[in-house]
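The values are calculated or read from the model by the stated rules, or taken from the named source; none is laboratory data. Source: prediction; values computed, not measured. Counting neighbours? That spans all protein chains shown, and the Cβs are built from the backbone with ideal geometry, glycine included.
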Amino acid sequence: MQDLDPHLLRAFLSVIDVGTVNGAAAALHRTQAAVSMQIRRLEDIAGAPLFERSPKGLTANAEGRILEPYAREILTLNEEACQRISGQHMEGRVKLGVVEDFAATRLIDILKSFRDQNPKVHLDLIIAGNRQLAALFEQDKLDLLICDTQEVAHQPLVEWPEQLLWVVRSDLTLLPDEALPVVLFTDACPWRTRVMESLADSQLHWNMVCEASTLVAMATAVQVGIGIGPMISATIPPGCRVLPSTPESPTSIQIGIGLYARPGASEEANYLADFMTRMPGRLAV
């Protein structure tokens, strides 16, 4: 097996993260033909196809899934080695807007690693709801943004699916002949509409027993047993469980999350965006 070229690995990971060659080409600022050629070259080196192709795009096959964590580690080590050898660190300030669901979970380890490697880059973290963040981004008040794709008119650098799962306190028993006690986010949250539409489609009998204005409020309401609430997997609090999919329980709700960069964003902002997408344990799981 020949050496794995970091340029080929970067194209490979970009296709995995975005799901299409076109999207990867845009993220890498290259042509579609160039990225396709890189993927074919990497598959030649690996001696096997790395993707399953369908009309919807590309997904890593068994061989691709084996290569993926190694590719991410290789690129991370390559970046660290270049920085340490040169002794140069980026300087500047990055304003990152992010919904609470990710700021409180997956983002912590990623930003810790970034901060350790780039101590001279100052991070301003703006935690708010999807619509508030989208408005700030449109006003060029954020360099980077992580939020619901339906709230932003721009093309994301990376987009990934999440599911709002129905979560309940582990020891709470829901009686089939009683209305489901449901905790909802307030009207300011765009997920509320999608959750209510899903509940309506399920034709289940339910009552809203509590409104939660923040993720902390939602987690608290569920933990104390007020009712069931919609949450992504990363934010499920201790002592709680996901309701199994049955005719007596509502179905999960699909949402899309995107990472966005302001047009003309600084070098350090673009570097942080790239760092967040290639780190092990990254935002998209």
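One residue alone among Leu133, Leu145 is within 18 Å of the chain's Cα centre (by Cα), outside any helix (DSSP H, G or I), at pLDDT 95 or above and over 30 Å from Pro244 (Cβ atoms), and that residue is Leu145.
I'm trying to understand the selection: among the residues of the range 1-35, which are of a type in the set (Val, Ile, Thr) and more than 14 Å from Tyr70 (Cα to Cα)?
Val15, Val18, Thr20, Val21, Thr31, Val35
The one condition from (1) assigned to a helix (DSSP H, G or I); (2) under 30 Å from Val195 (Cβ atoms) that Ile127 does not meet is (1). In the set (1) modelled with pLDDT under 90; (2) under 23 Å from Ile110 (Cβ atoms), the condition left unmet by Ala60 is number (1).
Within the range 197-214, the set of residues being farther than 14 Å from Gly229 by Cβ and either assigned to a loop (DSSP other than H, G, I, E, B) or among the small types (Gly, Ala, Ser) (or both) comprises Ala200, Ser202, Gln203, Leu204, His205. Going through Thr76, Thr20 one at a time, which residue ends up being over 19 Å from Glu267 (Cα atoms) and of a type in the set (S, T, N, Q)? Of Thr76, Thr20, the one residue that is over 19 Å from Glu267 (Cα atoms) and of a type in the set (S, T, N, Q) is Thr20.
Each residue in the range 235-258 was checked for being over 11 Å from Leu165 (Cα atoms), touching a helix residue (DSSP H, G or I) at 6+ places or on another chain (Cβ under 6 Å) and buried (at least 18 other Cβ atoms within 10 Å of the Cβ), and 2 pass. The criterion of being farther than 30 Å from Ser14 by Cβ, hydroxyl-bearing (Ser, Thr, Tyr) and either assigned by TED's automatic domain parsing to the domain that holds Leu123 or at pLDDT 90 or above (or both) holds for Thr193. Every condition in (1) surrounded by 21 or more Cβ atoms within 10 Å (Cβ to Cβ); (2) among the hydrophobic types (A, V, I, L, M, F, W, C); (3) not in a strand (DSSP E or B) is met by Trp166 except one, and the failing one is (3).
Given the condition assigned to a strand (DSSP E or B) and within 22 Å of Leu107 (Cα to Cα), answer yes or no: does some residue in the range 188-196 qualify? Within the range 188-196, none of the residues are assigned to a strand (DSSP E or B) and within 22 Å of Leu107 (Cα to Cα).
Answer with yes or no whether Gln38 is among the polar types (S, T, N, Q) and buried (at least 17 other Cβ atoms within 10 Å of the Cβ). Yes; evaluated as a whole, the condition is true for this residue. Candidates are the residues of the range 19-44 that are hydroxyl-bearing (Ser, Thr, Tyr) and not in a helix (DSSP H, G or I); the one that is modelled with the highest pLDDT is Thr20. The lone criterion from (1) touching an Asp or Glu at 6+ places or on another chain (Cβ under 7 Å); (2) farther than 30 Å from Pro247 by Cα left unmet by Pro156 is number (1).
Restricting attention to the range 89-124, the residues that are in a strand (DSSP E or B) and touching a Lys or Arg at 6+ places or on another chain (Cβ under 9 Å) total 7.
When residues in the range 214-235 are screened for being at pLDDT 95 or above, among the β-branched types (Val, Ile, Thr) and under 17 Å from Val195 (Cα atoms), 2 of them pass. Among the residues of the range 199-211, not a single one is under 22 Å from the mean Cα position of the chain (by Cα) and buried (at least 17 other Cβ atoms within 10 Å of the Cβ).
Of the residues making up the range 59-81, not a single one is among the small types (Gly, Ala, Ser), at positive phi and either in contact with a Ser or Thr (Cβ under 9 Å, 6 or more places away or on another chain) or free of Cβ contacts under 8 Å to residues at least 60 places away in the same chain (or both).
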